[in-house]
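In what follows, a single structure is set out as structure tokens and then discussed.
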Amino acid sequence: MKQSRWAAVLFAIAVVAASPVRGQSVADSILEARTTAVAAELRCPVCQGLSIQDSPSELSQEMRGMVRDQLRAGKTPAEVKAFFVSKYGEWILLTPNARGFNLLLYILPFALLLGGMAVIVVLVRRWTHAAEPVSLPPTDSQ
């Protein structure tokens, strides 16, 4: 009986002691998830083909730390990306904004696809169009 009481008391102490740690852990994991999401949208200036999330370079790790610090300070992901755009230009975004000249990047592939399909339809119709029967002139075989 005394052992079960001691076990209950120890369990209660462990739960109370672990509560703040668990709360911090959840907050840290949420911050880390937000950091990962923003870092995946920013290009590494060293690797150029990778995001700062995927890049092993030291600069990208520093940039990732800056993203984390800004998010921890209460900035939104859009504000963090705007900060990096102000420092590096719109080139730093892996997915450019769909406005101005960049809008062409989004529209052109679909326009080329539709144009190619139209050319194929026209060519197939021409090739499958039944040719008019050719009448041969009468031959003089008497």
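Sort out which residues of segment 87-114 are among the small types (Gly, Ala, Ser) and exposed (fewer than 10 other Cβ atoms within 10 Å of the Cβ), and write them in order of number.
If the condition is that a residue be among the small types (Gly, Ala, Ser) and exposed (fewer than 10 other Cβ atoms within 10 Å of the Cβ), then Gly89, Gly100 are the ones that fit.
Working only within segment 29-43, note down all residues that are at pLDDT 90 or above and either of a type outside the set (Val, Ile, Thr) or outside the structural domain of Leu71 (by TED's automatic domain parsing) (or both).
Selection gives Glu32, Ala33, Arg34, Ala37, Ala39, Ala40, Glu41, Leu42, Arg43.
Is at least one residue of segment 84-91 closer than 25 Å to Thr36 by Cα, charged (D, E, K, R) and out of contact with any helix residue (DSSP H, G or I) (no Cβ under 9 Å at 6 or more places or on another chain)?
Yes; the residues of segment 84-91 include at least one that is closer than 25 Å to Thr36 by Cα, charged (D, E, K, R) and out of contact with any helix residue (DSSP H, G or I) (no Cβ under 9 Å at 6 or more places or on another chain).
Take segment 45-93 and flag every residue that is under 19 Å from the mean Cα position of the chain (by Cα), closer than 27 Å to Ala27 by Cα and part of a loop (DSSP other than H, G, I, E, B).
Matches in segment 45-93: Ile52, Gln53, Asp54, Ser55, Pro56, Thr76.
Go through Asp69, Asp140, Asp54 for me and flag whichever is loosely packed, with under 11 Cβ neighbours inside 10 Å, acidic (Asp, Glu) and either touching a residue at least 60 places away in the same chain (Cβ under 8 Å) or out of contact with any Phe, Trp or Tyr (no Cβ under 7 Å at 6 or more places or on another chain) (or both).
Exactly one of Asp69, Asp140, Asp54 is loosely packed, with under 11 Cβ neighbours inside 10 Å, acidic (Asp, Glu) and either touching a residue at least 60 places away in the same chain (Cβ under 8 Å) or out of contact with any Phe, Trp or Tyr (no Cβ under 7 Å at 6 or more places or on another chain) (or both), namely Asp140.
The values are calculated or read from the model by the stated rules, or taken from the named source; none is laboratory data. Treat the numbers as computed from the prediction; the structure is a model and nothing was measured. A quick note on method: Cβ atoms are made from the backbone with ideal geometry, for glycine too, and the neighbour counts reach across all protein chains shown.
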